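Written out below as C-alpha cells is the structure these notes cover.
FYI, it's all coordinate maths here, none of it is from the lab. It should be emphasised that the depicted structure is a prediction, and the values quoted were computed from it without experimental measurement. Cβ placement follows ideal geometry from the backbone for every residue including glycine, while neighbour counts extend to all protein chains displayed.
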Amino acid sequence: MKDNPFDNTSPPSVFCASGNGPYENTKAALANIDLSPTKGKRVLLKPNIGRNAAPKTGIITDPDVTAAAIDAFRDAGAVVTVADSPITGVKIEEAYVTSGLKAIADSRNCPLIDMDIRKYVPLDIPNGQAIKALKLCADIPEFDIIVSIPVMKTHMHTGVTLSVKNMKGCLWRRSKVDLHMLQPLPGRTEKPLDIAIADLATVLAPHLAIIDGTVAMEGLGPGAGKPKPLDLVIVSADPFAADSVACKIMGIETIDVPHLKMAAERGCGTIDLDKINVSPHDWHNLIDPFEPPPVKLSLEFPGFTVLDNQSCSACQSTLLLFLKSHADELREKVKDNKDIVIAIGKGHDELPPGTLCIGNCTAKHKDCGIFVPGCPPVSSEILREYFK
Ligand code: SF4
C-alpha cells in the first residue's frame, strides 16, 4: 500500500457532519481534510456497491456521498475513478445503475469501472495469520490513493461493516469467498474470517474513510437488515479511528469488533476513543444505538434451525431474503411441529436427516435431505425444491 498523503499526525482526527443531506454532509466533513496532496494523483473512490440495491435502503453507499467525494477530490486536482467488485452472483453493471451511481458518474464524466474484468494480481500478506496471499483486483495497485466509502451497517458475521471491512470488496471476483472458507486456527478463539480481515488490513487499509450514515442498516446486516436513517457522514484519514467513532454512534464498543480490535493491536490504526479527536465536540449527541445482528438466526425465525458454518455473504443474503418472504408460508405448509432445519456453508461434517441444504457448498450432504444447488442459489428456487 502506498504512503498516506494526508495529515496523519497523532492523535488522529475524525469529523462528523449531519443534518444536511448526503452531498452537503460529505462536503462539510471533507472540508476539514487538506486534500491538496492529492493534486495530480490517481484517486480511487471505493463505495460499497456489493449488492444490486437502490439508494436509501441501507444496503449500498448513497450515490450523493460518492458525488460529493468526486467533486471534492477533483476540486483539489485529483484524477478520480470510482469502482467496486460485488459479492458473488451480483452483476456490477446492474448494481451501478440501480444504486444511482452510474447516473452520478455519467453526469460528471467520471470513470466508473468494473474491477473484475482484468485478471487478478497476487497480494502477499507477509504477516498474515489466517491468510498469506489473496487475489487482488488488478486496478488497485495502479492508484496512488484509495478512499473507502462504506455504508454504516451491522454484519451478522463480523459485527459491523465499515471502512476497513469495505476493502474486502477490492478482492477479485469470487476470491472474496475464500475468506469465509478458512479453517479455525489452532489455539485461537477468534473466527478465521475476522483474523483474515485483520490480515488484509495489514497490507490494504484505505488512505481515507468516508463513512456513509445517510441511511444505515441495523439488525440482519449486511443484506437483510432494517434501514436506519441517520443523515450522517464521518470522515478521517485514520480509517480505524473513523470506524471506531462509527461503532460508538452505533452503540457498539470497538473492542467487541474482532477484526478492528485485532488489526489495531497489530498497529494498523487507532480505535481508542480517548486517543482520537472527534468533531464536533458534541458528537456524542449523534449516538443512536443500532439493533445488533442476531447471534442465532433461529431466534429471528421461530420454527427454523439455521446451521451456518463457513458460508459467505451471498448465501446468507439468499437465505435471509427467502426467510423474510416465505418463512410463514413454509411453516404453514409443513404440517409437523418440528423445526425446519436449514444448512448453508461448506463447514458441516454431518447434518441431520431432512436438512434443507442450500448452496453448492452443502452439496456433499445432498443425500441427507433436500438440496438447492447454486452459488449463490436463487431464493425463489428454494420453495420449488422443497415441495417438488
Ligand atoms: S454456495 Fe453459498 S456459501 Fe458456498 S460459496 Fe457459493 S454463495 Fe458462498
Legend entry - Packing-based ranking, highest mean first, of 373-386, 18-31 given that Cβ atoms within 10 Å are counted: 18-31, 373-386
Legend entry - Rounded to 5, percent antiparallel among DSSP beta bridges of the chain: 40
Legend entry - Percentage relative contact order, the stretch 297-386, counting C-alpha pairs under 8 Å, at least six apart: 28
Inset, instruction - Please sort 204-216, 305-317 by packing, taking for each peptide the average over its residues of neighbouring beta carbons within 10 angstrom, highest first. - result: 204-216, 305-317
Inset, instruction - Have a look at 123, 12, 73 and report the one farthest towards the positive end of the charge dipole of the chain, computed about the Cα centre with Cβ charges (Lys/Arg +1, Asp/Glu -1). - result: 123
Legend entry - Rounded to 5, the percent of DSSP beta bridges in the stretch 297-386 classed as antiparallel: 0
Legend entry - Charge dipole (debye, nearest 20) of the chain; +1 at Cβ of Lys and Arg, -1 at Cβ of Asp and Glu: 980
Legend entry - the stretch 146-215 versus the stretch 53-107: alpha-carbon centroid distance in Å: 19
Legend entry - Gaussian network model of the chain, springs between alpha carbon atoms under 10 Å - residue of 60, 70, 287 with greatest fluctuation: 287
Legend entry - Only Lys, Arg (+1) and Asp, Glu (-1) charged, at Cβ; the stretch 297-386 dipole about Cα centre in debye: 140
Legend entry - Charge context of residue 174, other residues only, Cβ under 11 angstrom, K/R +1, D/E -1: +1
Legend entry - Estimated inter-spin distance, residue 298 and residue 332, nm [label 7 Å along Cα→Cβ]: 2.5
Inset, instruction - Using 0.36 nm per residue of separation minus the Cα-Cα distance, give me the extension gain between residue 138 and residue 109 in nm, one decimal. - result: 8.2 nm
Legend entry - Peptides 179-190, 149-160 ordered by average Cβ neighbours within 10 Å, highest first: 149-160, 179-190
Inset, instruction - Please tell me which of these pairs span more than 25 angstrom C-alpha to C-alpha: 46/275; 176/364; 153/364; 191/333? - result: 46/275; 153/364; 191/333
Inset, instruction - State, as an integer percentage, the relative contact order of the chain based on alpha-carbon contacts under 8 Å between residues 6 or more apart. - result: 17
Legend entry - Relative contact order (percent, whole number), the stretch 231-349, Cα cutoff 8 Å, 6+ residue spacing: 23
